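Colleague: The structure follows.
The values are calculated or read from the model by the stated rules, or taken from the named source; none is laboratory data. These figures come from a predicted structure and were not determined experimentally. All Cβ positions, even for glycine, are placed from backbone atoms using ideal geometry, and neighbour counts span all protein chains on display. These area figures cover heavy atoms from the full protein model, side chains too; ligands, DNA and RNA do not enter into them. Shrake-Rupley method; radii C 1.70, N 1.55, O 1.52, S 1.80 Å.
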Amino acid sequence: MTKARTLFEKIWGDHIVTHEPNCPAVLYIDLHLVHEVTSPQAFQGLRDRGAKVFRPGRTLATVDHSIPTTDRSLPIIDPIAARQVDQLRINCRDFGVPLYDLGSGHQGIVHVIGPELGLTQPGITLVCGDSHTSTHGAFGTLAFGIGTTEVEHVLATQCLLQHKPKTYEARFEGALPKGIVAKDLILALIAKIGIGGGTGHVLEYRGSAIGSLAMEARMTICNMSIEGGARAGMIAPDDTTIEYLAGRPRAPQGADWERAVARWRRLPTDEGAAYDRRVSVDVSQLEPMITYGTNPGMGVPITQAVPEPSSLPDANQSAALRKALAYMQLEPGRPLLGHPIDVVFIGSCTNSRLSDLRLAASLMKGRKVSPKVRVLVVPGSEEVKRQAEAENLREVFEAAGAEWREAGCSMCIAMNGDQLEPGQYCVSTSNRNFEGRQGKGGRTFLASPLTAAASAIHGAITDVRTML
Amino acid sequence: MEPITAFSGRMVALPMRDIDTDQIIPARFLKTIDKEGLGEDLFHDWRYDSQGRPKPDFILNQPSAEGAAILLAGDNFGCGSSREHAPWALMAFGFRAVVSTSFGDIFRNNSLKNGLLPIIVDETTHSKMLALVEKDGSAEAKVDLPEQLLRIPGGPEVSFSIDAFSKKCLTAGLDQLGYIRRQEAAIAAYEQTHPANIHTL
């Protein structure tokens, strides 16, 4: 009998090209996604070596980080961003890499377009110079973020040098209470294990609650694996995965499809396979989650108060919390509910897909956002935007007083002019609340699209369950 | 890459835990298409006020930081974004090693590929080093990569671990891409037996 293996171990084992003693494994990469910010120095490296892109057909580029989300018929005003976008165009042309450019109909956040095209498939290895590449793990894909030197390695050889990570099972059991969505599950896990909790590990999310989630919700969970310290997070493919992929433009077709499905069915973790670590979350006890501090592990159920630094057992943690609360200008012991906000951002590779926009629109329909609050809704891709408009979601958002913008990373990373002013408070569906992440001096509360929409309407942090 | 053997340098302490790469180099400086000038923007928003003037109380603006080679950082240093601009900026400032009790995975990988040594020590050693730097801002530590030793003045020698492959590449100044390219035949053989399901063209 062969040894029981986890989902991760099956994919890892299937992608080792060579593994010499005292060396990392040479791992084959099936799909490499490229964007404008982390690739220019890698392409320059190829030029300096006189090297080519080894497998352009396994490489796909788009622009997402530094592009404006305003009228696409206008030029990019920021000359430095414009030069970076132009450089990607030049690089893709010179090296024969396919590029989904602005207005191509397929441009969008890398982690939104891979899945919607059907390129993100179970059992493959996928990398990108972006830490949220973990998103693609929702399909039972081994997907992780890499640095620019590694981007160059993959461009030049379609391979990466990797040491085998450890495995970490995160089990979510129980039925989701009303008003609780995928974002609450992952924020609860990160609050539990801490932002370094998964370092050196690949997370596998399992359990009845994960099985009940649609693909886009699973992507939200896997997306934030890196916020728990894990480079990759995975969910085994099942009927939901296969239904999602069927008929997608770049998914296998015909006899190839049948063969692929048969292969995907063998991927889930074998019974009795061992993990290096385990954690479990009882989903039925969860409340909507929100962060109060300056890292994604500083999160609590929304009805709780801002924690007291002195209540933490560890002096370093107390110091970190004190520093975070000073930046956030939040007083320990005060409730988070009712805290006034200035901006709401609905978007990012965490929560910018059609189902996320539907959640937000379900609350905004027939209501107005607070006149004190600026609300940005940024679809994750041109395709998401098209679908949302076909469902009249644009009308819902605009009638409520929200801005409906073009696709991109936008105020998640604030490289493109979409940013907070110093001191502003924002409820954001994105993934990072680091100091200055959404603009220098800006203060971020991470939450679900439901909590973001509810808070937009009331102009303050709101428990969405009071509106359902 | 220049081979790394042994070097000595002054230490600078940034002891808070969980310093993310957005703090090391804020995202708005990632619009560059090369690696030039990033040292100027290292820890930009902690280092400069809103008028762009250096904040005198920030450690990197103090005379002791000038010429420092070793950053003594808190736990989980370099968590968050995958930006390689973080080690590029640290190296452009002059750092050659970062000592902590743990590192973000991607930052650690990126550092090793650029010749910035991420050195993990236990909490006791970390506390001793912090106390030493607090007492004497000019204290120098010696890093000996071939011997995998960290020598702290007035303290014991501390051995640190590094994977054999990274050590070999760093001490010989070898580019890791060269190693992968030498596996050309194995890569071709792999592709023969694993036909592509992926077609982006």
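Colleague: Among the lysines, which have Cα under 21 Å from the Cα of A:Lys166 when same-chain residues fewer than 8 positions away are ignored?
Modeller: Cross-link targets: A:Lys3, A:Lys10, A:Lys192.
Colleague: Could you work out how far apart the two model spin labels at B:Ser161 and A:Asp14 are, taking each label as a point 7 Å from the Cα in the direction of the beta carbon, and quote it in nm?
Modeller: Label at B:Ser161, label at A:Asp14, 3.1 nm between them.
Colleague: Evaluate the Kirkwood expression for the hydrodynamic radius of segment A:216-339, namely the inverse of the mean inverse distance over all pairs of different C-alpha atoms, and round to one decimal in Å.
Modeller: When all Cα pairs of segment A:216-339 are included, the Kirkwood radius is 18.5 Å.
Colleague: Given the options A:Gly114, A:Gly299, A:Ser104, identify the residue whose Cα lies farthest towards the positive end of the charge dipole of chain A (+1 on Cβ of Lys, Arg; -1 on Cβ of Asp, Glu).
Modeller: Positive-end residue among those listed: A:Gly299.
Colleague: A further question on this structure: Residues of segment A:30-76 losing 30 Å² or more of accessible surface, assembly versus chain alone, probe 1.4 Å, please list them.
Modeller: In segment A:30-76, residues shielded by partner chains: A:Val37, A:Gln41, A:Arg49, A:Gly57, A:Arg58.
Colleague: Can you work out the FRET efficiency for the pair A:Lys164 and A:Glu243, with r the C-beta to C-beta distance and R0 = 35 Å, to the nearest 0.05?
Modeller: 0.65
Colleague: A further question on this structure: Taking the Cα centre of segment B:1-112 as origin and charging only Cβ (+1 Lys, Arg; -1 Asp, Glu), how large is the dipole, in debye to the nearest 20?
Modeller: About 100 debye.
Colleague: What percentage of the solvent-accessible surface of segment A:310-468, computed with a 1.4 Å probe over protein heavy atoms, is contributed by carbon and sulfur atoms?
Modeller: 50
Colleague: In nm, give the distance between the simple-model label positions of A:Thr2 and A:Ala214, each being 7 Å from the Cα along the Cα-to-Cβ direction.
Modeller: 3.5
Colleague: Let me ask something else about it. Hey, in the GNM for chain B with a 10 angstrom Cα cutoff, which one of B:Ala92, B:Ala172, B:Ala188 fluctuates hardest?
Modeller: Checking each option, the largest mean-square fluctuation is seen for B:Ala188.
Colleague: Using the Cα centre of the protein assembly as shown as origin and beta-carbon charges of +1 (Lys, Arg) and -1 (Asp, Glu), tell me which of A:Leu31, A:Val344, B:Ala6 is placed farthest towards the positive end of the dipole.
Modeller: A:Leu31
Colleague: Continuing with the same structure: Once neighbouring chains are kept in place and the probe is 1.4 Å, which whole percent of the accessible area of segment A:111-209 is contributed by carbon and sulfur?
Modeller: 53
Colleague: Tell me which DSSP H helices of chain B clear both cut-offs, 15 Å or more of axial length from alpha-carbon atoms and a mean Kyte-Doolittle hydropathy of at least -0.5.
Modeller: What comes out of the filter, once short or polar helices are dropped, is B:123-135.
Colleague: Going 7 Å from the Cα of A:Asn316 along its beta-carbon direction, which residues of segment B:131-165 have the amide nitrogen within less than 14 Å of the resulting point?
Modeller: Within reach of a label on A:Asn316: B:131.
Colleague: Return a whole-number percent for the relative contact order of segment A:141-276, with Cα pairs under 8 Å and 6 or more residues apart as the contact set.
Modeller: Normalised by residue count, the contact order of segment A:141-276 is 27 percent.
Colleague: Follow-up. Taking 0.36 nm per residue of sequence separation and subtracting the Cα-Cα distance, how much length would be gained by fully extending the chain between B:Asn61 and B:Met16, in nm to one decimal?
Modeller: Fully extending the segment from B:Asn61 to B:Met16 adds 14.5 nm.
Colleague: Another question about this same structure. Students sometimes get this wrong: rank A:Arg49, A:Arg58 by accessible area, probe 1.4 Å, all chains present, largest first.
Modeller: Most to least solvent-accessible, the answer reads A:Arg49, A:Arg58.
Colleague: Excluding same-chain residues fewer than 8 positions from B:Lys167, which aspartates and glutamates have a Cα within less than 15 Å of its Cα?
Modeller: Qualifying aspartates and glutamates at Cα under 15 Å: B:Glu2, B:Asp144, B:Glu147, B:Asp175.
Colleague: Between A:Lys368 and B:Thr193, what FRET efficiency follows from the Cβ-Cβ distance if R0 is 51 Å, with the result rounded to 0.05?
Modeller: According to the calculation, E is roughly 0.25.
Colleague: A follow-up question, please. Could you size up the charge dipole of segment B:65-188 around its Cα centre, putting +1 on the beta carbon of Lys and Arg and -1 on that of Asp and Glu, and report it in debye to the nearest 20?
Modeller: 360
Colleague: Report ³J(HN,Hα) in whole Hz for each residue of segment A:267-282, in order, from the Karplus equation J = 6.51 cos²θ - 1.76 cosθ + 1.60 where θ = phi - 60°; Gly and Pro get x.
Modeller: Along segment A:267-282, the couplings run 6, x, 3, 5, 4, x, 5, 9, 10, 6, 9, 9, 8, 9, 10, 8 Hz.
Colleague: Taking segment A:159-202, which trypsin sites (Lys or Arg not before Pro) meet the DSSP loop condition and have no more than 14 other C-beta atoms within 10 Å?
Modeller: Passing both the DSSP loop test and the Cβ count: A:Lys178.
Colleague: Is the shape of segment B:66-109 best called rounded, prolate or oblate, per the rule: a/c under 1.5 gives rounded, else a/b larger than b/c gives prolate, else oblate, with a ≥ b ≥ c the square roots of the Cα gyration tensor eigenvalues?
Modeller: oblate
Colleague: Ok, one more. Have a look at B:Gly115, B:Gly67, B:Gly39 and tell me which one the Gaussian network model of chain B (Cα, springs below 10 Å) gives the largest fluctuation.
Modeller: Between B:Gly115, B:Gly67, B:Gly39, it is B:Gly67 that shows the largest mean-square fluctuation.
Colleague: Summing Lys, Arg as +1 and Asp, Glu as -1, what charge do residues with Cβ under 13 Å from the Cβ of B:Ser102 carry, B:Ser102 excluded?
Modeller: That works out to -3.
Colleague: Set the bar at 20 Å for Cα to Cα. Now go through A:Lys323/A:Lys440; B:Lys128/B:Lys168; A:Lys183/A:Lys368; A:Lys323/A:Lys372; B:Lys35/B:Lys168 and name every pair that lies beyond it.
Modeller: Pairs exceeding the cut-off: B:Lys128/B:Lys168; A:Lys183/A:Lys368; A:Lys323/A:Lys372; B:Lys35/B:Lys168.
Colleague: Shape call for the protein assembly as shown from the C-alpha gyration tensor, a ≥ b ≥ c root eigenvalues: rounded (a/c under 1.5), prolate (a/b greater than b/c) or oblate?
Modeller: Rounded shape, in that the Cα axes give a/c under 1.5.
Colleague: Which GluC sites (Glu not before Pro) in segment B:92-201 pass both tests, a DSSP loop state and at most 16 other beta-carbon atoms within 10 Å?
Modeller: Those that pass, being in a loop and sparsely packed, are B:Glu147.
Colleague: How many Cβ atoms of partner chains, on average, are near each residue of B:14-20 if near means within 10 Å of its Cβ?
Modeller: 6
Colleague: Now a separate question. How big a patch of accessible area, both sides summed and in Å² to the nearest 100, lies buried between A and B at a 1.4 Å probe?
Modeller: 5600
Colleague: How compact and how long is segment B:116-176, expressed as Rg and Dmax of its alpha-carbon atoms in Å?
Modeller: Considering segment B:116-176 through its Cα atoms, Rg and Dmax are 13.1, 40 Å.
Colleague: Additional query: With the solvent-accessible surface defined on protein heavy atoms using a 1.4 Å probe, which residues belonging to segment A:399-417 display a reduction of at least 20 Å² in accessible area in the multichain context relative to the isolated chain?
Modeller: For segment A:399-417, once contacts with the other chains are taken into account, A:Ile413, A:Met415 lose 20 Å² or more.
Colleague: For B:Leu149, put the label point 7 Å out on the Cα→Cβ axis and report which residues of segment B:111-125 keep their amide N under 19 Å from it.
Modeller: Hits in segment B:111-125 for B:Leu149 at 19 Å: B:119-122, B:125.
Colleague: Using alpha-carbon pairs under 8 Å, 6+ residues apart, how would you state the relative contact order of chain B in percent?
Modeller: This gives 26 percent for chain B.
Colleague: Have a look at segment A:248-272 and report residues whose accessible surface goes down by 20 Å² or more when the remaining protein chains are included, against the chain on its own, probe 1.4 Å, ligands and DNA/RNA excluded.
Modeller: A:Arg250, A:Arg263
Colleague: May I ask you to rank A:Ile186, A:Ile457 by accessible area, largest first, using a 1.4 Å probe over the protein chains only?
Modeller: Ranked from most to least accessible, the order is A:Ile457, A:Ile186.
Colleague: Let me ask another. What are the DSSP H helices in chain A that stretch 20 Å or more along their long axis, judged by alpha-carbon atoms, and whose average Kyte-Doolittle hydropathy comes to at least -1.0?
Modeller: A:79-95
Colleague: Carbon and sulfur atoms: what percent of the 1.4 Å accessible area of chain B do they account for?
Modeller: 49
Colleague: Under 1.5 on a/c is rounded, so check that first for segment B:1-135, then, if it is not, pick prolate when a/b is larger than b/c and oblate when it is not; a ≥ b ≥ c are the square roots of the alpha carbon gyration tensor eigenvalues.
Modeller: Rounded, because the longest to shortest axis ratio a/c is under 1.5.
Colleague: Report relative contact order for chain A in percent, whole number only (criteria: Cα-Cα under 8 Å, sequence separation at least 6).
Modeller: Relative contact order of chain A: 17 percent.
Colleague: Gain in length, A:Ala255 to A:Gln329, computed as 0.36 nm per residue apart minus the alpha-carbon separation, to one decimal in nm?
Modeller: 20.7 nm
Colleague: Just to confirm, what accessible area per residue do you get for the protein assembly as shown at 1.4 Å probe, in whole Å²?
Modeller: 36
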